[in-house]
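Values in this text are rule-based calculations from the coordinates and carry no lab data. Computed from a predicted model, the values in this text were never measured in an experiment. Please note: Cβ atoms are built from the backbone with ideal geometry, for glycine as well, and neighbour counts cover all protein chains shown.
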């Protein structure tokens, strides 16, 4: 059943929000072994459900969802899966949460993630590693791994994630759900714990493109609390037009060459063939700067991370080392004990690339290449309506397989980061399975082309059924 | 100090001043919280943006940009259409985000100048740049406590940091520049300018060189909040540097603090050694791209600047020093100007004297007073009073008394003068009668005057004034005395 149908059943009185919430809360317990959530928001969810049932309202009336734990929410802690925020109670809610609640949606739990969204597997969580719903010995992808697992396990119809370098699309691909990364600025970042401000976006993970589009519909648009937000489309994001027939689609060559697992390649090739049969013109497209995107990302992102994590200093909220004897020690011990290894790694890299004498060599150069990537995307979209390729070169890897080698872990994002550096919208849609493990197809759209992209993804879903 | 005046004269001091101007917006630079912390309880003017809660994003205050436009125009330049913000990183409890949002590579003002009056004429000081930034909070360290307190009310207050060229060459010029910058920013409505509250603060950069074409190594003295302190600090620092150089030592480029009690600058080195601020573009605020329409709107109705008034007041024939006193108080200046426009220079001159006389209670320079006299008495009532003097119905001395009464007494000046029995007698017959009496009672003095001892006439006028209970028109009395004595 679609989210829209579910909401209309609640509105017509056929179903109770309280029952939907209880079902989700029960499912949380039943599926606990997957370690996909950090905390539930049961009390608040139940009272919100009672409110909705009194007079059902909104396009998401009574629909339960799970938010990644880097969204500030009432009713429980907001931790970003980091020890430094373990005791943190949010004094306000993220705009995305507020907008969902205004349409009747109910947050039931906070999903696990790599601490501060730094990672591709949830192994960097200070709580636990989430297990892949299709194979418990494997990772769900990250950093929105808990969110993707929750949807794949059927605990909630949708979940919220954030995507800074692929953090929605990668777990969506690994868990076999739809993961949507909107155009940069389409959804407010206010109340979302910042990772890299210039590439962070908020997006939905859901069972279908239509569901994801409805959630985007509710969350998107300008927010006076986030100056980088943009106006939403006038036309609805739930796009029922056939966006494939007669369209020109570019296959990103840089993503199709070496390093791609044969099964993944096969599934992507088959998907492309389906586009062709549905009437799209397929061409090979080359974007020579794309292979540089990962290198650029791992300069720009840590630079912003090092800056954004400065506020976690143990002085005002969150974890504070009580044994510190003076101010400097309080800073040092609070951050030393509060941050995990990956946050520290990124703070060090970021601090280094921004320091005087290195700024020009790293950060400035990275920005130049970033501009080049943006230009290449712009040129590509003069020619093509969409670009397609894999989300990641392989299926979900084994827990522990990459956690000892950060470089290997960083490579998981190699095909997703470019759209973050440029701001383009991109989606991961389930395209097939390899030995029972899901493989996602990535479709990238032009800037602000979210509506068309969702239409194409929806049409592909139909072809793939 | 061992350096002689002759040696001192071999050196040219060059001084650049950074002025931190607190903008008088209603709300803070990046949050919708009140910007006026006067009298507010600590940490009562804060939001999740000011406390740097997770997920909080800065939202730029449009009004602050408008004030920057006005500041640019007052500094004789146009604002930069394109500017952007940067993050400047350091850890300190008064800086919750761990970075200050400021402008670095592309500030909102580049260029411009300030024409600064000095004793004879004026000198021009170039403006290098001015950047918009947020202020930090305030730390206090209670005595004998093992903790410090942080008040974030001031965190996020908008500041415009105006950086001058090193075009200032003496302590007196430094003081004059600081005062003129303060006046200019106040007059253009950019700041309330209360120096006591630190709404305008100065950092001075000082160097000396024997070669006027070359700057020496500079030192910086930060956070000075009065013109006198700027002057003293610059004078001290020039002396200190010359003494060092004369001893064959070097001036170290460093930040120094000013010890007001000791009248000395002290090295603060070590504290900020190798500070690397790791500037980075602020990704949460899109770059500014001002539209012409916005600039036009923000710059319209820009008030007159101090130099405009100085020019206008020249024809009043007031001593330049007194003009400077008047210009120090914007309300007074505007009142005098309005009176000049409405009633002419004679009234303006007379009322300017009254106002200036009453500024005694506002002598503390740079302190914004709650209700300056110029705003307590309506211009119309001032002009009416001045007209009474013009019509010889009131003596100048009596008029001053009435003027003083008028601050609290809201009646018409005529009524006040009457009730105090101050209306002047200009009836010749009446005065002739009094003069005859006075002359007959003071024959000796009358004889002296006749002999040419003109000093004595003052005594006789005084007697007439006394007899008339101060109401006689003194000029008329003198004329009649002379007439009756046949002079």
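Listing for the model above:
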| quantity | calculated |
| --- | --- |
| Ranked by how many other beta carbons lie within 10 Å on average, peptides B:123-136, B:152-165 from highest | B:152-165, B:123-136 |
| Segment B:428-484 pair-distance distribution - Cα-Cα, 5 Å bins, rounded % | 4, 23, 38, 24, 10, 1 |
| Modelled FRET efficiency - R0 56 Å, residue B:122 with residue A:240, Cβ distances, 0.05 increments | 0.15 |
| Angle in degrees between helix B:171-187 and the longest Cα principal axis of chain B, rounded to the nearest 10 | 90 |
| Whole-number D in µm² s⁻¹ for segment B:306-419, Kirkwood Cα-pair radius fed into Stokes-Einstein, 25 °C, 0.890 mPa s | 173 |
| Exercise: per-residue mean of other protein chain Cβ atoms within 10 Å, B:86-93 | 4 |
| Separation between Cα centres of segment A:32-90 and segment A:146-188, rounded to whole Å | 16 |
| Nitroxide proxy distance, nm - points 7 Å out along Cα→Cβ at residue B:441 and residue A:325 | 9.0 |
| Taking N as its residue count, the alpha carbon Rg of chain A over 2.2 N^0.38 Å | 0.92 |
| Mean ellipticity per residue at 222 nm, deg cm²/dmol - from DSSP H runs of n ≥ 4 across chain B, formula -39500 (n - 2.57) | -11500 deg cm²/dmol |
| Most to least packed among B:245-255, B:230-240 [average Cβ atoms within 10 Å] | B:230-240, B:245-255 |
| Relative packing of A:78-87, A:163-172, which averages over residues the other C-beta atoms within 10 Å, highest first | A:163-172, A:78-87 |
| Stokes-Einstein D for segment B:5-295, Kirkwood Rh over Cα pairs, 4 °C, 1.567 mPa s (µm²/s) | 64 |
| Averaged over A:350-357, number of beta-carbon atoms from partner chains that fall within 10 Å | 3 |
| Compactness index (Cα Rg / 2.2 N^0.38 Å), chain B | 1.26 |
| D (Stokes-Einstein, µm²/s), Kirkwood Cα radius, segment A:50-204, 1.306 mPa s at 10 °C | 105 |
| Extent along principal axes [Cα atoms of the protein assembly as shown; Å; largest to smallest] | 134, 76, 60 |
| Centre separation in Å (Cα based) which lies between segment A:283-305 and segment B:434-451 | 106 |
| Helix-only [θ]222 nm of chain A, DSSP H runs n ≥ 4, -39500 (n - 2.57) each, per residue, nearest 500 | -11500 deg cm²/dmol |
| Per-residue average of Cβ from other chains inside 10 Å of B:280-287 | 6 |
